[in-house]
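Before any comments, here is the structure.
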Amino acid sequence: MSTRLQADAPTAPDDYPQPAYAWYVVVVLTLGYIVSFLDRQIFALLVQPIRHDMGLSDTQVSLIGGLAFALFYTFLGIPIGRLADRRSRRAIIATGITIWCVMTAACGLAHNYWQLFSARVGVGVGEATLNPSALSLISDYFPREKRGRAISFYNMGVSLGVGIANIIGAWAIALTSAMAPITLPLVGALRPWQLVFLLVGLPGLVVALLMFTVREPRRRDRVRIGVADGQHLINNQNLRFQMSRYSKG
């Protein structure tokens, strides 16, 4: 079976979305990145009261703070990146933000080790959706000569997120420590550290709503493969896989 490759024609600069709107999208994505760091870092600020109230060992604390989040956050990035090549990246990110914000709030409703561990797993699963989809979106919103600046701005979310997490986390802890005990139906009395998770997690849903103001851009930087039975478009990152299939055929 014969195969020929042909790159798409270069995209004209004016074929990209308007710069002002493209930068708006980067700001929304960066806000999401900041919120993700706030939700993942808040546990570290609350280790002592959580350990005391739940009677956790050092091993249990390390598993909740490390493995429960990092394992799923790291390895789910691969299949989610593949999904981002084929489905709406806006929807993937909005869904992911909703999951990790709800799961952060769920940490505040946990009453034992396994409930807290499961909630932290959910935070890792949700946050794994952000980077692959966000970087893919940015690549389609900016031409190559401007893409580096946009990605650099987005990556500011790492440093800003850590700093803001400490500030907001400390504020939330101080606020809840001065509040009277709160009792919720079916949940019972909430300790101050549980209220902190609720205060930090739920407002992030606003960023999930903002994602619906982001338009899914046309996918760019594709390679055209021509075969005897027709034309197929594939992403550059899938070229090697597709070529191996054709060579075996």
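The values are calculated or read from the model by the stated rules, or taken from the named source; none is laboratory data. Just so we're clear, the structure is a prediction, and the values are computed from it rather than from any experiment. Neighbour counts are summed over all protein chains in view; Cβ atoms, including those assigned to glycine, are modelled from backbone coordinates with ideal geometry.
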message = Here is a check on your reading of the model: is I64 touching a Ser or Thr at 6+ places or on another chain (Cβ under 8 Å) and in the same structural domain as L195 (by TED's automatic domain parsing)?
response = no
ask   = Any residue in segment 141-160 that is assigned by TED's automatic domain parsing to the domain that holds V26, among the aromatic types (F, W, Y), crowded, with 19+ Cβ neighbours inside 10 Å and in contact with a Leu (Cβ under 8 Å, 6 or more places away or on another chain)?
value = yes
query = Could you say whether any residue in segment 66-79 is touching a residue at least 40 places away in the same chain (Cβ under 8 Å), under 27 Å from L190 (Cα atoms), buried (at least 19 other Cβ atoms within 10 Å of the Cβ) and touching a helix residue (DSSP H, G or I) at 6+ places or on another chain (Cβ under 6 Å)?
reply = yes
ask   = For segment 17-54, which residues satisfy the criterion of being of a type in the set (G, A, S) and modelled with pLDDT of 90 or more?
value = A20, A22, G32, S36
key: Any chance Q6 is in the same structural domain as L116 (by TED's automatic domain parsing), more than 18 Å from the chain's Cα centre (by Cα), at pLDDT below 90 and outside any loop (DSSP other than H, G, I, E, B)   = no
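For every residue, the table says whether it meets (1) buried (at least 22 other Cβ atoms within 10 Å of the Cβ); (2) more than 30 Å from S57 (Cα to Cα).
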| site | (1), (2) |
| --- | --- |
| F117 | no, no |
| R120 | yes, no |
| V125 | no, no |
| L135 | no, yes |
| L175 | no, no |
| A180 | no, no |
| T183 | no, no |
| Q194 | yes, no |
| F197 | yes, no |
task = Out of L137, L83, report the one residue that is touching a Pro at 6+ places or on another chain (Cβ under 9 Å) and over 18 Å from R220 (Cβ atoms).
result = L83
